[in-house]
Amino acid sequence: MSGYLPHTEADREEMLRTIGAKSVADIFPDVPEEHRFPDLNLPDGLSQMEVYQELATLAAKNAPAAGFASFLGAGSYHHYSPSVVNHTILRGEFLTAYTPYQPEVSQGTLQAIYEYQSMICALTGMDVSNASHYDGATSFAEAVILAINSTRNRSKIVLSPAIHPEYRAVVRSYTQGMGLELVGDDSADGVLSLDELAALVDDQTAMVAVGYPNFFGQFEDLTPLAEKARAEGALLTVVSDPIALGMLKPPGWMGADVVVGEGQPLGIPMSFGGPYVGFFATRNQHVRKMAGRLVGETVDADGQEGYVLTLATREQHIRRARATSNICTNQALMALAASVYLSVLGKEGLREVAELCYHKAHYAADEIGKLKDYSVDRSQPFFKEFVVNCPRPVSEINAGLWERGIIGGYDLGRDYPARKNQMLVAVTENNSRQQIDALAEALGEVAA
């Protein structure tokens, strides 16, 4: 491996002389001698060809969704991504994970982010969007921080138990030690009506948050809850699926103050859990409390159109004490993927994807509902996910499905104790009628 080290022995001796050390060991006097340079039991080095073969062997053990009939969602979805998405984000001009630190010389990247922000605003019905966050859970946690900063001296956060359990866990990690009161999400079955949520909102509430659709795929009119929040001086935050917003009424039209969510469905592959992108949109009056970066359009001294970082309110850009967040990591490359996806599909294309998901999910629910010993939760309208009551533990059913080349749904009993033997099934435009029929047939077989 020594051939990969850039420094020669002469280089090392010169550096040691410069700092007044006789040997490398002299640099680490505070480290016990027996621990300074431990012997590492490493395998022999491999050639590039051998490394490729080894990695290919390991990768073959994975089960990519494209090779199966997958009905697993719960926050990460197997949607179709046009080939132009990948071709664009792999161009050298764009291949970076971050917004630029020298923004004015990166006009192409800034323009792409500006278009992303514009399309997120159009989807959500909000006034302003930032340049993205690390993922949907991070965006949601930043919404809590915005609400606290915007309402001042309020410490109560009302969370629907039907918001993704991991999103709520991230909020608790973000806000530990801040003295907040988090209420509403301790239901064993994840069920709490909007009226019951509204009853928890009072003059000490900074934010009330709901899903649209929620973790169980269900959606309903949020206008009454928005009115209650506004009357008490609290903010309404909505966690949304961007594909659903292709056909459902935007949360901003119902009075939402902040709309966040996971942008992975917008042309970004599941990739075994990431990288993903969190979108964050709000109203103009909260823009200076919004975390992350904001790209704006302007003109230069010659009157030519240009793009700049209008707001960059993290500690790397301004004084730490004035930063809106210290951990608002941006995913610019994934935001670019979402921008290309939305641009290629357009308004009508996105609506068509949403309608395909909706109708295919309802066809699947109808077929599963016909099976003996199974039932589908139809207590609320649902989009592309729905809850199935199963006659046996979900783990056993999924094992039977796997043997038939089908990836089953999510075991809700993992997060909700009262939902034992309940499966969350996700259906997207990628699922054919033949796959759905095969799922229904296999469910009947494994329950027999």
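Which cross-chain or sequence-distant (5 or more) residues have an amide H under 5 Å from the amide H of Thr310, H modelled 1.01 Å from N in plane?
Leu294, Val295, Gly296
Under 27 Å from the Cα of Lys372, which lysines turn up, not counting those fewer than eight places away in the same chain?
Here the lysines satisfying the reach criterion relative to Lys372 are Lys360, Lys384, Lys420.
Provide Lys22, Lys420 in ascending order of the number of other Cβ atoms located within 10 Å of each residue's Cβ, fewest first.
Taking fewest neighbouring Cβ atoms as first place, the list is Lys22, Lys420.
Report the FRET efficiency, 1/(1 + (r/R0)^6), for Ala56 and Leu95, where r is their Cβ-Cβ distance and R0 is 25 Å, rounded to 0.05.
E(calc), rounded to 0.05, equals 0.60.
I'd like the antiparallel share, as a percent to the nearest 5, of DSSP beta bridges with both residues in the chain.
Beta bridges within the chain, antiparallel portion: roughly 55 percent.
Mind checking the log10 I(q)/I(0) for the chain at q = 0.07, 0.11, 0.13, 0.14 Å⁻¹? Debye, one equal scatterer per Cα, no solvent, two decimals.
At q = 0.07, 0.11, 0.13, 0.14 Å⁻¹ the computed log10 ratios are -0.44, -0.94, -1.17, -1.28.
I'd like to know how segment 4-93 sits against the 2.2 N^0.38 Å rule of thumb: what's its Cα Rg over that expected value?
Expressed relative to 2.2 N^0.38 Å, the Cα Rg reads 1.99.
Test of understanding: ordering Tyr77, Tyr363 by Cβ neighbours within 10 Å, fewest first, what list do you get? Could the numbers behind the result be given before it?
Numbers: Tyr77 23, Tyr363 16.
Fewest-to-most ranking of Tyr77, Tyr363: Tyr363, Tyr77.
Arranged by the count of other C-beta atoms within 10 angstrom, fewest first, what order do Asp127, Asp300 take? Walk me through the intermediate numbers first.
Values: Asp127 14, Asp300 10.
Arranged by neighbour count, lowest to highest, Asp127, Asp300 become Asp300, Asp127.
At Glu33 and Lys347, where each label point lies 7 Å from the Cα along Cα→Cβ, what is the point-to-point distance in nanometres?
That separation, rounded to one decimal, is 7.7 nm.
In a shell of Cβ-Cβ distance under 13 Å around Glu262, excluding Glu262 itself, what net charge do Lys and Arg (+1) and Asp and Glu (-1) give?
Values: positive: none; negative: Asp135, Glu166, Asp241.
With Lys, Arg at +1 and Asp, Glu at -1, the net is -3.
Going by amide H atoms built from the backbone, whose H comes under 5 Å of the H on Ala256, apart from near neighbours?
Long-range HN contacts for Ala256: none found.
Output the Cα-based Rg and Dmax of segment 83-342 in Å, rounding Rg to one decimal and Dmax to a whole number.
17.9, 62
Using Cα positions and a limit of under 30 Å, work out the lysines in reach of Lys156, with same-chain residues fewer than 8 apart set aside.
Those lysines meeting the cut-off are Lys228, Lys249, Lys289.
Going by amide H atoms built from the backbone, whose H comes under 5 Å of the H on Ala69, apart from near neighbours?
Correct list: Ile407.
Enumerate the aspartates and glutamates that Lys370 could reach by cross-link, defined here as Cα to Cα under 17 Å, with residues fewer than 8 away along the same chain left out.
Output for Lys370: Asp437, Glu441, Glu445.
Please report the Cα spread of segment 175-259 along all three principal axes, rounded to whole Å, starting with the longest.
Principal-axis extents of the Cα atoms in segment 175-259, largest first: 38, 29, 24 Å.
Compute the FRET efficiency between Gln434 and His7 as 1/(1 + (r/R0)^6), taking r as their Cβ-Cβ distance and R0 = 51 Å, and round to the nearest 0.05.
0.25
Tell me the Kirkwood radius of segment 126-197: reciprocal of the mean inverse pair distance over distinct alpha-carbon atoms, in Å.
Working: mean 1/r = 0.0755 Å⁻¹.
The answer is 13.2 Å.
Since every read-out is calculated from the coordinates, none of them should be taken as a lab result. Everything quoted here is computed from the prediction, not taken from an experiment. No Cβ is skipped: glycine too gets one built from the backbone with ideal geometry, and neighbour counts run over all protein chains shown.
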